[in-house]
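Everything on this sheet refers to the single structure shown next.
The values are calculated or read from the model by the stated rules, or taken from the named source; none is laboratory data. Fair warning: this is a prediction, and the values are worked out from it, not measured in the lab. Here the Cβ is made from the backbone with ideal geometry for all residues, glycine too, and neighbour counts use every protein chain on show.
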Amino acid sequence: MSEPVSGSGADAPQRIRVVVVDDQPLVRMGLRTLINSEDDLELVGEAEDGHAGLDLVRRVRPDVVLMDIRMPRLDGIAALRAVAGDPALAAVRVIMLTTFETDEHVFDALQAGAAGFLIKDAEPTDMLRAVRLAAAGESLLSPSVTRRVIASFTARGPVRRTHDRLGELTEREREVLALIGEGLSNDEIGTRLVVSPATARTHVSRVMTKLAARDRAQLVVIAYQSGLVR
């Protein structure tokens, strides 16, 4: 495990502090190179398993963690739950990395509070965009991957569990929640509903507030569990 030390001056713009947790050295090297190539990002540590990764996150408290789902000693889902359950780490955003688009653990990751998930062979621009969105408090849920994951779980016939505050949503807000569950972006929701992107963002924000969802990823889980995604 290595922990780079920043040498930036006091007047330098604040950079997004990133931790990488993955048991594959080649993946860590690739992510390290990618992150270090960007002026607004800073790699503050990396770890090769969930236990070491969790300890590292607790010590350095990064803005964003890129976390592998499948790891020895402590898997990424367990480490994610530990991060999400620690009030001291409330500002830390975790993006899960997976090798497969229909990884059976992806849904568990979203349910546990992941800020999103990415396929390991995603384009570098998508990886960087995910880090920046997560740092800004948003979520990156690739529409194509999200739809495949939801379709995979729907085919298995999971048990429905309606959110106890679902009844507080208006018909339009329920419609928006269903579209979020399909993996649509705000712009795509606006196009589908024939409203402006700003109006779509407002609807999404109200849905998130009413359902007390931490982020967009949790809205996907709620939409799926409540049977709104067909």
Task: Check on residue 121, surrounded by fewer than 17 Cβ atoms within 10 Å (Cβ to Cβ) and either farther than 20 Å from residue 30 by Cα or touching a Leu at 6+ places or on another chain (Cβ under 7 Å) (or both) - done: no
Open item on the list: Restricting to the range 12-65, name every residue that is over 17 Å from residue 136 (Cβ atoms) and among the β-branched types (Val, Ile, Thr).
Closed with: 19, 20, 21, 27, 33, 44, 57, 60
TODO: Only residues in the range 196-220 that are without any contact (Cβ under 8 Å) to a residue 24 or more places away in the chain and more than 12 Å from residue 115 (Cβ to Cβ) count as the first member; pair them with residues that are small (Gly, Ala, Ser) and surrounded by 17 or more Cβ atoms within 10 Å (Cβ to Cβ), Cβ under 7 angstrom, at least 6 apart or cross-chain, and list the lot.
DONE: 196/190; 197/190; 199/190
TODO: Look through the range 27-53, keep the residues that are touching a residue at least 40 places away in the same chain (Cβ under 8 Å) and either within 18 Å of the chain's Cα centre (by Cα) or not assigned by TED's automatic domain parsing to the domain that holds residue 94 (or both), and return whichever of them is surrounded by the most Cβ atoms within 10 Å (Cβ to Cβ).
DONE: 35
TODO: Taking the options 115, 134, name whichever one is at pLDDT below 90, in contact with a Ser or Thr (Cβ under 6 Å, 6 or more places away or on another chain) and crowded, with 24+ Cβ neighbours inside 10 Å.
DONE: 115
Open item on the list: With the requirement that a residue be at pLDDT below 90 and either outside the structural domain of residue 220 (by TED's automatic domain parsing) or under 17 Å from residue 138 (Cα atoms) (or both), what does the range 164-181 give you?
Closed with: 180, 181
Open item on the list: Tally up the residues in the range 170-199 that are among the hydrophobic types (A, V, I, L, M, F, W, C), in a loop (DSSP other than H, G, I, E, B) and surrounded by fewer than 19 Cβ atoms within 10 Å (Cβ to Cβ), please.
Closed with: 2
- [ ] State whether the residues of the range 54-65 include one that is within 16 Å of residue 97 (Cα to Cα) and either surrounded by fewer than 17 Cβ atoms within 10 Å (Cβ to Cβ) or touching a Leu at 6+ places or on another chain (Cβ under 6 Å) (or both).
- [x] no
Open item on the list: Exactly one of these conditions fails for residue 10: (1) modelled with pLDDT of 95 or more; (2) not assigned by TED's automatic domain parsing to the domain that holds residue 137. Give me its number.
Closed with: (1)
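Go through the range 70-94 and count every residue that is surrounded by fewer than 21 Cβ atoms within 10 Å (Cβ to Cβ), in a helix (DSSP H, G or I) and touching a residue at least 12 places away in the same chain (Cβ under 8 Å).
6
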